Amino acid sequence: MASKLLRCMLTFAPVVMLSTANVQAQENTAVTKTSDILARDAYIIGQPQRIAPIPLEEMSPEARAEAEAFRSANAALSSNPTKPGEVPPMVSTMVRHPNLWRQHTAMAKEFFNGSISARDRELVVLTVAWLCQAPVEWGEHVSIGKRAGLSDEEIQRVKIGSSAADWNEHDRALIKAVEELQSDAMITDETWAILAKNY
């Protein structure tokens with residue numbers, strides 16, 4: 001189930017993985033990638049919203065209760081501070097369908113309260129967001145990742161992937177597992193064996 005869900009999240013076009021064999025090639029690719037990121041941001045978040053968030057005062061009582069519950073429980077979660085009485089736009093959009101929102105929240109709680117460390121979880125989430133070219137998810141989880149213990153340098157290194165220098169064996173395997181799931185819907189035995197040392 002988890003691998004199927006992750007595979008569904010990884011259906012976007014793959015990001016070109018950088019080679020550590022040639023530092024100059026990495027730098028050239030990084031420059032190109034920066035322009036690609038700006039274009040992707042403009043494409044994804046530079047367009048008008050298709051489904052607008054609902055203002056709090058226009059929400060149904062059920063939707064408002066869900067929005068208020070999220071706001072009071074997760075005030076520090078989002079990188080976008082909210083004013084009193086307001087909720088993040090993602091929440092005020094999704095509560096148009098309160099039951100769907102509750103199911104999404106239940107799944108998110110499992111991820112946030114699971115048995116792997118918050119740092120490992122955020123390393124995986126950021127890798128997924130980067131490979132999927134998902135600027136909103138990336139933006140939210142950069143701040144969450146920092147609170148989970150990831151350094152600015154590590155977050156930038158996610159953009160290079162498992163081939164980047166300076167990952168420890170475990171972190172490299174986490175990132176490699178996401179890359180393998182995206183490219184082949186299968187974690188290799190080698191990567192699995194490294195992860196199994198801690199899991």
Discussion item. The conditions are (1) open to solvent by 80 Å² or more (accessible area, probe 1.4 Å); (2) of a type in the set (A, V, I, L, M, F, W, C); (3) at pLDDT 90 or above, and Phe111 fails exactly one of them. Which is it?
Written reply: (3)
Worksheet item: Picking from Glu58, Glu27, which residue would you name as being charged (D, E, K, R), under 21 Å from Met94 (Cα atoms) and either open to solvent by 90 Å² or more (accessible area, probe 1.4 Å) or modelled with pLDDT of 80 or more (or both)?
Response: Glu58
Practice prompt. Take Ser35 and decide whether it is within 29 Å of Leu174 (Cα to Cα), modelled with pLDDT under 90 and not in a helix (DSSP H, G or I).
Written response: no
Discussion item. Can you tell me which condition Arg50 does not meet? The list is (1) among the basic types (Lys, Arg); (2) surrounded by 10 or more Cβ atoms within 10 Å (Cβ to Cβ); (3) at pLDDT 55 or above, and all the others hold.
Written reply: (2)
Worksheet item: Only one residue in Val128, Val124 is at pLDDT 95 or above, within 15 Å of the chain's Cα centre (by Cα) and within 26 Å of Pro53 (Cβ to Cβ). Which one?
Response: Val128
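The values are calculated or read from the model by the stated rules, or taken from the named source; none is laboratory data. On a predicted model such as this, the values are computed, not experimentally measured, just so you know. Here Cβ is always computed from backbone atoms with ideal geometry, including for glycine, and neighbour counts include all displayed protein chains. For the accessible areas, the whole protein counts, side chains as well, though only heavy atoms, and no ligand, DNA or RNA atoms are used. Shrake-Rupley method; radii C 1.70, N 1.55, O 1.52, S 1.80 Å.
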